[in-house]
Each structure stands twice: as C-alpha cells, then as structure tokens.
Amino acid sequence: MLPASAVTRARAEAPLRRLLTGRRPRISVGTKAASRAQHTQVDVGSRHVDSEGRSAISGRASGGISVDFEQTREAYKSKDSLELLRSLLVLKMCSYDFLVEKNQEIMDFGKKVLGQKGFDQLMKMTFYGQFVAGEDHMTIRPLIQKNLAFGVGSVLDYSVEEDIIQEEDPQTPMYSNASSEEKGGSSMDGFSAIKMTALGRPQFLLQFSEVLVKWQRFFSFLASMQGKDGVDVLEQKLDLKQMQECLSSVGANGDFYSVLTAQREKTSGTFDLLDWDSLFDDRANLAELLVVPNVQLGELEPLLQDFTAEEEGQMKRILQRMDILAKHAVKNGVRLMVDAEQTYMQPAIRRLTLDMQKIYNKDKPVIFNTYQCYLKDAFDNITLDVVLSRREGWHFAAKLVRGAYMRQERERALEFDYEDPINPDYETTNRTYHRCLDFVLDEIALNRNANIMVASHNEATVKHTLWRMNELALLPRENKVFFGQLLGMCDQISFPLGQAGFPVYKYVPYGPVNEVMPYLSRRAQENRGFMKGAQKERELLWKELKRRLASRELLYRPAY
C-alpha cells in the first residue's frame, strides 16, 4: 500500500489523476506574436488579414518585391495546352462532392471494368498524371528538371502511407513509404520528404507518444501543486525542494532533489518545461525516482513503466536509420523534410525529429520538422521548439501546413472518447497559421537562426508572408523563408514566386499507381474545401487557354 498518509494521498491524487488520464494540458506562451493574434484579425503592421484569410493588399508591400499572381502567361509558361486542359478537367471533377466522397468505390468499379492495366493508364491521363510525378526515381526526373528550369524546386515524397497495424514484426522497418535518397534523387539544395512510419513501427510511435504526453502531464501536475496553473508555461519555474516534498507526499522515497542538483554544476534550484523535457534523456537513472500512485491498485508505479527495453530498442533503431538518411542528405546537398502524420503519433515524431535537429542543424538547417496548424497545440509546440533551438544554439527549421488527416483525427477522438485535437473551424486554423508564421518570421528577423517553409495554397497567406518579409527586410536570396505547394495545384502561385527569385518548391509525390492512389484519395478528401473553391485557378486556366487560342499559341511547347 501507499506509504503516504490517507489525507496527503487524497490531496495529491485528485489533480494527478486528472493530469495523467485526462485531457492533454494546454500550453500558453506569452510572446509578442501571441498577443498580436488574440483578436479576430491578425494584425501585422498597418494592415490586417481577417478570419477568412483575406488580405487587403495585392501582393506588394511598400518598397518591397512585387509578385503578380494574375499574369497567366508567366504562371503557365511551363505547361503545354494539353496539360492546362487536364488541370482544368481534374480540378473541376475534384469540386464535385460525390466524386470525392465515393472515390474509392468509383476506383474499385473502374478496375473491374477496365482491368488493372487499363485503370492505371486512365489514372496516368487524369488524376495520377495531375498530382504525381511518376512511378520511380527515373520517371520523375524530366518533370523535376523542367520545374527547376522555371524557378521551382522539388520536395520528393514517396507517397505510400501507413497507419497503425495490429500485427507487425518489431524488427522490420517499414521502408515502403520512405522518400530517401535510395528511392529517388533530388536536385542540389532541394528537399526529400520522409515519414517516420517508414523508419519504425507505427504502433511504437503511438506508445512513445503516450509516454511523452504522460511525461508532460506530470510536469503540469507538479506546476499545479506549486500554484502555477495560470502562469505561462515557460515562466513556470518549479522549485526543486517543493517538488521533492510533493513527490514524497504521494509516497515516493527517492531523493530527486539531490540527483538533479548533482547533475548540474550550476543550478538556481528551479527548472522549467524545457529543462523537464531534457530530463527524459536521462530516464534510465530517473525511472526509480519518478513514481506515481495507481489509484485502482492502491500502490506506486513508475511514471515510465510503459517505456520498456523493447521500446528503447525501437527508438534507437529509428534514430540510427534517420542518422543514415541525414548523413546521405548532407553528402548530396539535400535537406530532409519530416512529414507530419496522425496526431496520436505526432509527439513521438516531433521528439525524434528534435533529437536529430540538435545534431544536424548546428551549422545550417538540414532537417525540417512539420507543424500542422489545424491542431489546437500547434502554436504551443512551435514556440517551445523555437525557444529550445535558441537556448541550445541550433537552426530551427519548420514546414508550416494547415493540416491533414482531419477525418481520421475526429473519428478516433470520438471512438476513444478524448478531446478532439483539431481546431473547431477553418477560421481558427487560419488564425493559428498566421500566428505561428508571424512568430517564426519575427524570430528570423531577430536572430537569423530560424527557417520556415510556408506550405500553403492560400494566396492571401502567401501575400501576407511577402508583406511581412518586406516589412522585416528579409530578402529572398537569404533562403530563410521558403514557399511550397503540391504538384498539380496553384501553379499561378508557385511559378511567379520562383521567377521573382523566391525559393519555392513543389511537393512531388511519386510511386506505383496502385499504391499512391490511397494517398491521392486522402488528399482529395482533406482538401475538399479548397478543391471545391478553386474557382479562381480554373478561371486563370481558362484565361490562358483562350489567350493561346486567340494568339495562335495553342500548340505552345515550353522551351527550357
């Protein structure tokens, strides 16, 4: 039984039970960018972006570089007329809800009628041809070279996806969805995308994520016991002696205070969340000290009891595989973009990526993490990681997206009865995106030690970024701010940016037709709102086709 008294135990168990088994704690970081984004409008200098993302400017900040997104001749100079017609057809079809909702049934029917070979050919002429570069590293090279000739680089993505699988061989990495250099080359100074589920078991990433969330909740419990619930998280300086008293009150016998003070030559007797997170690296020595009461069993148990020797081995193997990819990337002048995946695996992915960034981003940004702004904790995570990079002296590097997997996330939260991790609406997601973007842009301007890829198809967001770059005197050639869009979408944004000298990249999926179609299916569903509303892009495509017809350029072929 617990050695603590019944009265003390009851006092400690209530908040501890809530924090270890309840909702994930929210983090509030007091910053200039945070306070600026508390209102319905995102206030940047003397102009505003409203809750819909609409901008009052046309793409030019005072005295800065101007980019015109209305000139169709320049936007589509890399495309022949057949490619424009295909884009028009595919984007129009993607605007119909029933085609998007029933796409899997339609594809199954097509395979039965046409056979696999006929179906594959039809997809290459339409959806696959629009959004996918090819089946392997040889077939994608012509498209990569053509885009590069028109100022647009590539982020290679071997787009075969995996989710949690019940039966797995724990020793076998799932390289099938990796986008490593072994699966396809990239241009110098380009990117290759990797998925952490390609380097280890998704089930391990889920288990590891649960451990990390529990670790953070325990910090929140300690903060609450010291009366610091309402304090901004990076201002929560926990007193080590008070923490020792708290642990002792729930029955822990270890001398946590002595262990921590002995580990550090200089200590103020306090530590914050980043200090607490760093203790996870020394978890083997702390395992016996960090114990919590199991209310059901009426006894103490280790905080990290779910992180076994097998999980330690899994983590080590993932880091080893990622280390191989990072070394290969450095050798070939390529950066690694770690994709975001399902939220229930994301804490582990974020932690493992940070571990590698600390090693490889010392001198320059080699490894980029991905932050999904449709998640409620997006701003919390990005601010914590920026402050961590500043504190430890390495280059923060991030890709900022609005998000994916929305349907999976909501369904799983409902099934397992936990708080939906997704923002309630697009307006909130949009505000979060601009809030995160402004925070990182401010960090770049202040320290020149951060990097961000603005991965967005939202024209207002791109204009917002250009305006802020001009406001902060961030030049395109500094390669601190990158832009990214998916292949087959928003060429009217990508190519004018590239031709104006901004570093812009197309996310280039590739892989066998049959294996990539599930990826396209998810993209179609998650981007349904955008696809349905892509009226302007279709209008620009029609405008360019009519211009070519009137000027007798319908047989135009791009020269490069």
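The values are calculated or read from the model by the stated rules, or taken from the named source; none is laboratory data. Computed from a predicted structure; not experimentally measured. So basically every Cβ, Gly included, is an ideal-geometry build from the backbone, and we count neighbours across all protein chains shown. Just so you know, the surface numbers come from the protein's heavy atoms only, side chains and all, with ligands and any DNA or RNA stripped out. Shrake-Rupley method; radii C 1.70, N 1.55, O 1.52, S 1.80 Å.
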What percentage of the solvent-accessible surface of the range 65-125, computed with a 1.4 Å probe over protein heavy atoms, is contributed by carbon and sulfur atoms?
-> 61 percent
Mind listing the long-range amide H neighbours of residue 155? Cut-off is under 5 Å, sequence gap 5 or more, other chains count too, H placed in the peptide plane at 1.01 Å from N.
-> 506, 507, 508
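Give me the accessible area per residue for the range 426-512, probe 1.4 Å, as a whole number in Å².
23 Å²
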Carbon/sulfur fraction of accessible area - the range 408-560, other protein chains in place, 1.4 Å, % | 53 percent
Estimated distance in nm for a label pair at residue 479 and residue 65, the labels positioned 7 Å out from Cα along Cα-to-Cβ | 1.4 nm
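Using a 1.4 angstrom probe on the protein heavy atoms only, line up 135, 245, 301 by accessible area, largest first.
Details: 135 70, 245 125, 301 35 Å².
My answer, sorted largest first, is 245, 135, 301.
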Any idea how far the Cα center of the range 202-243 sits from the one of the range 135-157, in Å?
-> 44 Å
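Counting every Cα pair in the range 87-164, what percent are over 14 Å apart? Don't jump to the answer; show the numbers that get you there.
Details: 2181 of 3003 pairs.
Summing the P(r) tail past 14 Å for the range 87-164 gives 73 percent.
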Measure off, as a whole percent, the carbon and sulfur share of the 1.4 Å-probe accessible area of the range 333-395, all protein chains present.
-> 53 percent
Residue 120 accessible area, assembled protein chains, probe 1.4 Å, Å² = 40 Å²
How many nm is it between the label spots at residue 253 and residue 89, if each spot is 7 Å from the Cα in line with the beta carbon?
-> 7.6 nm
Any lysines whose Cα falls less than 19 Å from that of residue 228, other than same-chain ones fewer than 8 residues away, would be 214, 237, 241
Please arrange 73, 407 by accessible surface area, largest first, computed with a 1.4 Å probe and ligands excluded.
-> 73, 407
Karplus (6.51, -1.76, 1.60) ³J(HN,Hα), θ = phi - 60°, over the range 330-338, in Hz, Gly and Pro reported as x | 4, 4, 9, x, 10, 9, 9, 10, 7
For the residue 410, residue 535 Cβ pair and Förster radius 30 Å, calculated FRET efficiency rounded to 0.05 is 0.65
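Ranked by accessible surface with a 1.4 Å probe, highest first, in what order do 437, 82 come? Let's see the in-between values first.
On the way: 437 0, 82 135 Å².
From most exposed to least exposed: 82, 437.
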What accessible surface, in Å², does a 1.4 Å probe find on residue 211, ignoring ligands, DNA and RNA and rounding to the nearest 10?
-> 10 Å²
What lysines sit close enough to residue 102 to cross-link, taking a C-alpha to C-alpha distance under 21 Å and skipping anything fewer than 8 places away on the same chain?
-> 92, 111, 112, 124, 532
For residue 231, what charge total do you get from the other residues with a beta carbon under 11 Å from its beta carbon, if Lys and Arg give +1 and Asp and Glu give -1?
-> -2
What FRET efficiency would be calculated for the residue pair residue 272, residue 330, taking the C-beta separation as r and a Förster radius of 22 Å, to the nearest 0.05?
-> 0.10
Qualifying lysines (Cα of each under 17 Å from Cα of residue 364; at least 8 residues distant if same chain) = 327, 331, 399, 480
